[in-house]
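To start, the structure itself, in structure tokens.
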Amino acid sequence: MVAASVRRADRTFAAVLFAPERGLIASAALPGRGHDVAVNPVTRECVAFARRPGTFAVAFGIERQRAPRAFASPPGRHFYGHGVFSPDGRLLYTTENDVTNATGCLGVWDVGAGYRRIGELASGGVGPHDLNVLPDGRTLVVANGGIATHPDDPRRPLNLATMRANLAYIDRLTGDLLERHALEAAHQRLSIRHLDIAGDGTVVFGCQNKGPRHHPHDLIGLHRRGTKLRLLAGDRVLHRALNHYVSSVAIDASGSFAAVTSSRGQSVVFVDIAGRRVIGQQRLRDASGIASGVSPGRFVITGGGGDVALVGPHGRPQRLPQRPWSWDNHAVAVV
């Protein structure tokens, strides 16, 4: 089962729980376009976040006895579209923009108190987008995209000449910045956007090129704490498949393989994590959202045209019936 944000046929927005073999399980109306969904690992309640620079979030679940609950970022903050729960399900962390200071922060929310905000942490950079929790249960890793924006003109970068993306490792209980690893100067215009974490703590991340596109860029990286940030060297085929843009990243049920989508490249790229190498790719129209499938090496792909497919590094994609909505950028497995 996967959770995702969608635009329905009547052009309204919703968050959905969807099982490829059963169809729609549950849904919750959203006041605007959503982005990613965070899943509580204990209760399986989901929270859908507004697309940046939105300020709303909506919590909903499989059990329909409880109505969806909406909450909002505080004044001077807006969501970047992503969040993650603590392993015990009691806290929610959200990536946000401190608008006045043009720097990143992480909102901290008390789930049991109805998503009451109880504090915030520095994100360790500018423009935090995706985040997750390492297997130790305490360390957050944040993809600070490096791009400063303002909600009055949210798609216009304010600092392209000086932007510098990084991965930041943060103690979620104390707020201490444990490690920060920036991309090399040669990749100064790459923005780290999305990530997932394998069971051994390897962070697989994807970038988007915010600079000129007249020469190719490597966009996929694997990282372990205490090491230098490096990108996987790609060839012409891989560069064409990604087309300067990573949409989403997911790790399979076994923790051995990662998959990276590119809606611009119309492709899915598969990575052997232990071998640190690309092992295959699939051409797939409007490939964007991706979530771990049930079987090792398999993933669920969603697209803006309503497409759903089951894919792996080998064999042809298994296309499922189209849905009567447009999937947004991300999908997440609900287990």
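The values are calculated or read from the model by the stated rules, or taken from the named source; none is laboratory data. From a predicted model like this one, the values you see are computed outputs, not experimental measurements. For neighbour counting, all protein chains shown are included, and Cβ atoms are generated from backbone atoms with ideal geometry for every residue, glycine included. What goes into the accessible areas is simple: the full protein's heavy atoms, side chains included, and nothing from ligands, DNA or RNA. Shrake-Rupley method; radii C 1.70, N 1.55, O 1.52, S 1.80 Å.
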With every protein chain left in place, what is the accessible area per residue of the chain in square angstrom, probe 1.4 Å?
41 Å²
Say a paramagnetic label sat at a point 7 Å from the Cα of Ile118, along Cα to Cβ; which residues of the range 85-100 have their backbone N under 13 Å from it?
86-93
Given the DSSP H assignment, sum -39500 (n - 2.57) over each helix run of at least 4 residues in the chain and divide by its residue total; what's the result at 222 nm in deg cm²/dmol, nearest 500?
-500 deg cm²/dmol
Under the rule a/c < 1.5 gives rounded, and otherwise a/b versus b/c splits prolate from oblate, where does the range 66-146 land using the Cα gyration tensor?
oblate
Could you give the size of the charge dipole of the range 221-335 about its Cα centre, using +1 on the Cβ of each K and R and -1 on the Cβ of each D and E, expressed in debye and rounded to the nearest 20?
380 debye
At Arg285 and Arg69, where each label point lies 7 Å from the Cα along Cα→Cβ, what is the point-to-point distance in nanometres?
4.1 nm
Only Lys, Arg (+1) and Asp, Glu (-1) charged, at Cβ; the range 9-82 dipole about Cα centre in debye
180 debye
To the nearest Å, what is the center-to-center distance of the range 138-199 and the range 309-327, using C-alpha atoms only?
31 Å
Tell me, what is the FRET efficiency for Arg236 and Val294 to the nearest 0.05, using R0 = 41 angstrom and their Cβ-Cβ distance as r?
0.75
With charges set only on the Cβ (+1 for Lys and Arg, -1 for Asp and Glu), what does the dipole of the chain come to about its Cα centre, in debye to the nearest 20?
800 debye
For the range 144-301: rounded, prolate or oblate by the Cα gyration tensor [a/c cutoff 1.5]:
oblate
Multiply the residue gap between Glu179 and Arg319 by 0.36 nm, knock off their C-alpha separation, and tell me the result in nm, one decimal place.
46.2 nm
Mean Cβ neighbour count within 10 Å, used as a protection proxy, ranking 2-8, 136-142 highest first
2-8, 136-142
Taking protein heavy atoms only, a 1.4 Å probe, and rounding to whole percent, the accessible area of the range 48-93 owed to carbon and sulfur comes out at 52 percent
Using only the Cα atoms of the chain, build the gyration tensor, take square roots of its eigenvalues as a ≥ b ≥ c, and label the shape rounded, prolate or oblate: rounded if a/c is under 1.5, else prolate if a/b is larger than b/c, else oblate.
rounded
Count charges around Asn101 for me, please; just the other residues with Cβ under 15 Å from its Cβ, Lys/Arg as +1, Asp/Glu as -1.
-2
Taking the Cα centre of the range 181-335 as the origin and placing charges on Cβ (Lys, Arg +1; Asp, Glu -1), which of His223, Val260, Tyr245 is farthest toward the positive end of the dipole?
Tyr245
